[in-house]
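Quick notes on the structure that follows.
The values are calculated or read from the model by the stated rules, or taken from the named source; none is laboratory data. Bear in mind that the values here come from a model prediction, so they are computed numbers and not experimental data. Cβ placement follows ideal geometry from the backbone for every residue including glycine, while neighbour counts extend to all protein chains displayed. Just so you know, the surface numbers come from the protein's heavy atoms only, side chains and all, with ligands and any DNA or RNA stripped out. Shrake-Rupley method; radii C 1.70, N 1.55, O 1.52, S 1.80 Å.
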Amino acid sequence: MTSPASLSPTQAAARIGEFTVIDVRAPGEYASGHVPGALNIPLDRLDEALPALKAASARGSLLMVCASGVRSTRACDVLSAADIDAVTLSGGTSAWEGEGHGLDRPAGARATWPMERQVRFAAGSLVVAGLLAGRRFPAARWLSAGVGSGLVFSAVTNTCGMAAVLSKLPHNRAPRSAADFDATLDALQS
C-alpha cells in the first residue's frame, strides 16, 4: 500500500477553495479549533459517511485533516480502499496553525486536549497506577505491562484503541453531535 498524497499547510492554504475539507478528529477536538470551512466526520464514523464522501469527491478533491496527520492518513487509506481519492494535510491542524494560518473556533466552544495528548496522559497514568499498586499487590503490575503492550501494538498497527475509547467520553463530544453529523452528511451529498 502506498502512502496517501499529502500537502503542506502552505500548499493547502493556497488551494483551500479547491477542496472539501474533512476533519476526522473527535467532535470536541474539532470544536476547539479547525481549518476554516472544514466539516467534521470523526474517524470512527468514516464508514457511515462513505456514500456522502463518494458524492462529494465526484464534485471535487477531498482534503483530510486531523491534529497531527496520523488519523487523516488513516482516513485516506480507508477512502482509498473505497475508491475515493483524498489527500492529507501534513502535520494536521497543529502545523496549519504553526505556519500562521487561522483556525475557526466556534463561540462558546470549550478547549479540549488533542487526542494524542489525552492518550499519553491516560496511558502514563495507568502505568504509574499499576506500578504504585504493584508495591502492595504485585499482580497489579500487569496493568502497566498491558498498557505497554497496547502502546507497542498501537505503534505497529498504526491504530489506537485507547483513542477510540477516549473519543467516546463526554468531553470529546460536541453538543448535538448526532444532528451535526447528519447535517454534515446532507451537506456532502448536495
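Okay, here's what the table says:
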{"read-out": "Check on T157, open to solvent by less than 50 Å² (accessible area, probe 1.4 Å) and of a type outside the set (G, A, S)", "value": "no"}
{"read-out": "Subset of segment 18-48 (residues that are assigned to a helix (DSSP H, G or I) and farther than 11 Å from T93 by Cβ)", "value": "E18, P27, G28, A31, L43, D44, R45, L46, D47, E48"}
{"read-out": "Lone qualifier among S57, S90, S72 - being open to solvent by 10 Å² or more (accessible area, probe 1.4 Å), under 20 Å from G17 (Cβ atoms), touching a residue at least 12 places away in the same chain (Cβ under 8 Å) and touching a Ser or Thr at 6+ places or on another chain (Cβ under 6 Å)", "value": "S90"}
{"read-out": "Close pairs from segment 27-39: first touching a residue at least 12 places away in the same chain (Cβ under 8 Å) and closer than 16 Å to G98 by Cβ, partner of a type in the set (D, E) and part of a helix (DSSP H, G or I), Cβ under 9 Å, at least 6 apart", "value": "G33/E97"}
{"read-out": "Flag for A67 being buried (at least 23 other Cβ atoms within 10 Å of the Cβ) and in a loop (DSSP other than H, G, I, E, B)", "value": "yes"}
{"read-out": "Hits in segment 104-125 - residues which are closer than 26 Å to L53 by Cβ and open to solvent by 30 Å² or more (accessible area, probe 1.4 Å)", "value": "D104, R105, P106, A109, P114, E116"}
{"read-out": "Test for R74: is it part of a loop (DSSP other than H, G, I, E, B) and in contact with a Cys (Cβ under 9 Å, 6 or more places away or on another chain)", "value": "no"}
{"read-out": "Odd one out for L79, checked against (1) assigned to a helix (DSSP H, G or I); (2) within 13 Å of the chain's Cα centre (by Cα); (3) at pLDDT 95 or above", "value": "(2)"}
{"read-out": "Selected residue (criterion: most open to solvent (accessible area, probe 1.4 Å)) from residues of segment 5-39 that are over 15 Å from L62 (Cβ atoms) and among the hydrophobic types (A, V, I, L, M, F, W, C)", "value": "A14"}
{"read-out": "Number of positions in segment 130-153 that are in a helix (DSSP H, G or I) and either under 22 Å from P27 (Cα atoms) or open to solvent by 50 Å² or more (accessible area, probe 1.4 Å) (or both)", "value": "13"}
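Here is a yes/no grid of residues against (1) of a type outside the set (A, V, I, L, M, F, W, C); (2) out of contact with any Gly (no Cβ under 9 Å at 6 or more places or on another chain); (3) at pLDDT below 95:
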position	(1), (2), (3)
T93	yes, no, yes
G100	yes, yes, yes
R105	yes, no, yes
A109	no, no, yes
G130	yes, no, yes
G134	yes, yes, yes
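Conditions tested, residue by residue: (1) at positive phi; (2) modelled with pLDDT of 95 or more.
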| site | (1), (2) |
| --- | --- |
| G37 | yes, no |
| E48 | no, no |
| A55 | no, no |
| A58 | no, no |
| L62 | no, yes |
| V65 | no, yes |
| S68 | no, no |
| R74 | no, no |
